[in-house]
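The values are calculated or read from the model by the stated rules, or taken from the named source; none is laboratory data. Just so it is clear, the model here is predicted, and its values are computed rather than measured. FYI the Cβ positions are ideal-geometry reconstructions off the backbone, even for glycines, and counts take in every protein chain you see.
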Amino acid sequence: MKLDNDSNTDLQVIDGDRFREMLYSGLTRLEKQKSLVDSLNVFPVPDGDTGTNMFLTLKEAVQSVEKEDSNRVDDIAETMSRGALMGARGNSGVILSQLLRGFSQSSAGKKLLEPEDLVEALEKASKVAYNGVLKPVEGTILTVSRRAAEGARKAFEKKGADKADFLFILQQTLKTADRALQKTPEQLPVLKEAEVVDAGGQGYIFILEGMYKALKGEGYVEESTDSVTLEEKVGQREFVSDIKYAYCTQMLIHLNENNEKQEITQVREELNNYGDSLMVVGSGDVIKVHIHTNHPGVILEHGLKIGMIDDIKIDNMKSQHQEMEQQKRETNNLAVAQGSSMVFDEGQEELEEDSEPLKRTIVAVAAGEGIKQILSELGVKGIIHGGQSMNPSTNDFLEKIKSLPAKEIIVFPNNKNIISAALQAAEMVDDKKIEVVPTKSFTEAIACLLLYNEDEDLEELVAAMKEEKEYVRTAEITRAVKDSKVKGLEIKEGDVIGLFDGDIKVKGSDYNRVVLKLFEKSLAEEELITIYYGEEISEKQAINLRNKILDRFASIDEVEIYAGEQPLYPYIISLE
């Protein structure tokens with residue numbers, strides 16, 4: 001699908017083929033620049049990075065378009081929107097999915113796009129995105145998308161309906177959007193202090209740039225940053241009979257201390273020859289790998305050479321459907337024979353099955369086997385693996401919700417960057433009543449779970465939980481993933497940083513000293529302090545920290561410790 005450059009002068013009609021190419025090119029452009037977008041995140045904590053989340057969201061949209069047989073622009077746009085909605089990750093991904101949703105709504109009933117159609121679609125995209133955010137904040141992707149639409153409208157009116165063409169409109173759109181982006185530090189002081197522009201706005205501009213390049217005949221023919229082609233990355237029709245690589249292999253690699261500087265590009269290069277549809281993303285000392293290969297063992301061995309691997313998933317794509325059907329039959333037969341339990345999809349906890357569906361159950365996001373075990377013991381039946389740097393998608397929530405035999409489901413996202421995806425999933429469920437308690441940490445969820453009563457009215461219970469979580473304060477200890485300036489602190493990559501309720505308060509070089517320093521600045525009249533130590537911390541080290549806290553602060557009588565085994569954060573501490 002290469003464009004003829006000579007056909008681009010005064011381009012006044014976009015058909016399905018050209019629209020597809022614009023989407024592919026937008027994805028390619030964002031992929032090339034997602035690390036740059038990630039680097040614009042203000043806080044230097046290992047988190048669900050904006051560029052990565054936007055890329056993965058758009059990638060789901062493009063993968064869906066690959067399966068769309070219609071060549072009408074409206075059909076392609078609707079499929080794109082649906083794919084983005086299901087694949088949305090993090091706040092930035094959810095907003096991007098809303099932008100694409102608005103674009104799709106404006107394109108309804110249109111086989112082809114004319115210049116004014118594009119202008120109206122950009123305007124509708126911005127409006128839908130604004131409406132999708134409870135409290136819109138200026139100086140973000142929302143501002144950039146609104147100004148982009150304004151630029152498109154002015155360009156169209158300058159040329160007039162008879163002479164307007166797509167290239168001129170998109171060129172002026174990009175200029176206006178970039179001016180808006182450069183002004184975002186003036187609108188958000190936190191951006192100004194960190195000396196960066198808004199990451200989401202920059203990501204949106206990269207997508208528009210890719211679309212513009214496609215119209216100029218320069219987009220789809222660009223080489224990807226990886227040696228695999230874009231077609232391999234976004235995937236062709238799945239489950240074809242002559243599929244070249246049979247095993248869809250995924251894993252998380254927690255890098256060894258001496259490999260923490262391992263470049264993602266290096267991992268990508270080393271694995272590239274073992275298959276296709278390769279995706280290597282990550283942040284800090286955690287890398288996620290996805291690849292279609294005939295040698296999954298080789299992929300796992302490579303992971304073991306540079307770190308510890310978990311969240312391993314290997315699927316035979318040729319027989320996956322048949323195996324799933326057979327597994328369902330066997331599971332149902334086993335459930336009937338035992339009369340006690342039913343096993344759901346991989347990663348799903350076993351559920352006691354009654355003759356009737358459960359009245360109510362709970363879903364929670366968690367990372368760390370210790371945390372998962374604690375949540376399970378408190379009544380959580382559906383665990384979704386994720387958290388910092390591993391934001392679950394809207395579809396991850398939907399699949400888990402649909403798999404649970406309950407009429408009412410309470411969802412704990414346990415991360416501020418995951419709440420939007422959980423809320424979006426809840427809105428898409430019609431046959432169950434879903435309530436999302438907007439927890440920003442598993443520590444808040446634990447406090448809420450202590451109130452759980454299956455017989456209490458759902459709305460009253462959720463209201464009580466939302467109130468209870470406000471009494472929980474959470475301290476987090478981690479290492480900075482980049483140099484940054486936050487609230488007067490000059491932070492260097494590798495510094496130990498201490499956060500209270502998401503705000504960076506102190507920095508240092510030693511975990512224990514940072515905890516003590518953090519408590520000196522932020523400790524109030526808490527009655528209960530609980531330490532959850534991460535996968536890199538031993539029980540002995542956690543006990544040592546507990547003793548130091550008790551020795552230093554006379555007002556604290558008791559400190560509980562639990563093995564959370566969470567990644568990225570050596571200590572997460574709950575204070576109530």
* Asked: Has region 420-437 got any residue that is among the polar types (S, T, N, Q), outside any helix (DSSP H, G or I) and buried (at least 22 other Cβ atoms within 10 Å of the Cβ)?
  -> no
* To do: Being assigned to a loop (DSSP other than H, G, I, E, B) and outside the structural domain of residue 564 (by TED's automatic domain parsing) narrows it down to one of 455, 396, so name that one.
  => 455
* Structure fact -> Picked from region 246-261 (must be among the polar types (S, T, N, Q) and at pLDDT 70 or above), the residue nearest to residue 390 (Cα to Cα) is 250
* Find all pairs meeting these conditions: Cβ atoms under 7 angstrom apart; at least six residues apart or on different chains; first residue within region 28-49 and part of a loop (DSSP other than H, G, I, E, B); second residue acidic (Asp, Glu). => 41/47; 41/49; 49/38
* To do: Those residues that are surrounded by fewer than 16 Cβ atoms within 10 Å (Cβ to Cβ), touching a residue at least 40 places away in the same chain (Cβ under 8 Å) and in a strand (DSSP E or B), I need them from region 477-514; list them, please.
  => 485
* To do: Return the pairs, sorted by first residue and then second, in which the second residue is at pLDDT 95 or above and assigned to a helix (DSSP H, G or I), the first residue lies in region 117-143 and is aromatic (Phe, Trp, Tyr), the beta carbons are less than 7 Å apart, and the residues are 6+ apart or on different chains.
  => 130/142
* Asked: Restricting attention to region 422-434, does a residue exist that is over 30 Å from residue 200 (Cα atoms) and in contact with a Gly (Cβ under 8 Å, 6 or more places away or on another chain)?
  -> no
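Between 135, 111, 124, which is in a helix (DSSP H, G or I) and basic (Lys, Arg)?
Values: 135 fails: in a helix (DSSP H, G or I); 111 fails: in a helix (DSSP H, G or I).
Answer to the selection: 124.
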* **The listed residue being under 30 Å from the mean Cα position of the chain (by Cα) and either under 18 Å from residue 388 (Cα atoms) or in the same structural domain as residue 257 (by TED's automatic domain parsing) (or both), out of 490, 476** => 476
* To do: Return a yes/no flag: does region 184-204 have any residue that is at pLDDT 95 or above, polar (S, T, N, Q) and touching a Gly at 6+ places or on another chain (Cβ under 6 Å).
  => yes
* To do: Kindly indicate whether any position in region 218-230 is in the same structural domain as residue 39 (by TED's automatic domain parsing), under 22 Å from residue 25 (Cα atoms) and at pLDDT 55 or above.
  => yes
* Asked: Quick check: is even one residue across region 532-546 surrounded by 14 or more Cβ atoms within 10 Å (Cβ to Cβ) and in a strand (DSSP E or B)?
  -> yes
